1. For a quick check: sort HIS89, HIS25, HIS42 by the number of other beta carbons within 10 angstrom, fewest at the front.
2. Counting helices only, and only those DSSP H runs with n ≥ 4, report the 222 nm mean residue ellipticity of the chain as the sum of -39,500 (n - 2.57) divided by its residues, in deg cm²/dmol to the nearest 500.
3. Which one, ALA95, PRO110, GLN21, is farthest towards the positive end of the dipole of the chain when Lys and Arg carry +1 and Asp and Glu -1 on their Cβ?
4. Just to check I understand the Karplus step: with θ = phi - 60° and J = 6.51 cos²θ - 1.76 cosθ + 1.60, what whole-Hz values come out for the stretch 70-76, glycine and proline as x?
5. Using each residue's phi in the stretch 80-91, evaluate 6.51 cos²θ - 1.76 cosθ + 1.60 at θ = phi - 60° and report the 3J(HN,Hα) Karplus result to the nearest Hz, with x for Gly and Pro.
6. To the nearest 20 Debye, how big is the dipole of the stretch 25-106 about its Cα centre, given +1 on the beta carbon of each Lys and Arg and -1 on that of each Asp and Glu?
7. Pop out the ³J(HN,Hα) list for the stretch 44-51 in order, Karplus 6.51 cos²θ - 1.76 cosθ + 1.60 with θ = phi - 60°, rounded to Hz; leave Gly and Pro as x.
Amino acid sequence: MVGAVLLYRAVDPSQTAWLPQCPFHALTGWQCPACGGQRALHSLLCGRVGEAVGYNLFLVVAVPYFLAVAWTSLDHGRRARRWRRVAQHRWLAWAYCLLFVVWWVVRNLPEVNL
């Protein structure tokens with residue numbers, strides 16, 4: 001995990017051809033919910049939040065959720081146990097999944113340029 005973070009911090013995906021490309025976009029021409037995620041992650045790790053939002057808004061919003069889930073899963077301290085009920089609540093997970101699907105549809109609407 002740390003290696004992947006260091007890789008995406010050091011390597012700009014928009015400047016390299018060897019990082020994986022989205023097979024869904026290659027086959028359909030549509031953007032999947034993760035399209036632009038590698039570039040957004042690189043921008044976030046370099047502190048360029050506005051640029052990351054331009055690449056993939058959903059990833060920028062999802063990162064705090066994923067960090068909270070990872071923290072409450074891996075840390076067994078009292079504070080993490082208290083927050084686990086919130087971060088890993090099934091309704092929050094369902095809301096995240098619903099937003100994921102909505103993001104997928106909205107970003108492929110012809111009138112929307114996300």
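Read-outs throughout are calculated quantities, based only on the coordinates presented, and are distinct from any laboratory measurement. Please read these numbers as outputs of a predicted model, since none were measured by experiment. Cβ sites come from the backbone with ideal geometry, for glycine too, and all protein chains shown count toward neighbours.
1. Neighbour counts put them in this order, fewest first: HIS89, HIS25, HIS42.
2. Computed mean residue ellipticity for the chain: -20000 deg cm²/dmol.
3. So the residue we want is ALA95.
4. For the stretch 70-76, the Karplus curve yields 4, 4, 6, 7, 8, 8, 10 Hz.
5. 5, 5, 5, 6, 4, 4, 7, 5, 10, 5, 5, 5
6. On the way: 9 positive and 2 negative charges, 112 e Å.
Dipole of the stretch 25-106, to the nearest 20 debye: 540 debye.
7. Computed from phi, the couplings for the stretch 44-51 are 4, 5, 8, x, 9, 5, x, 5 Hz.
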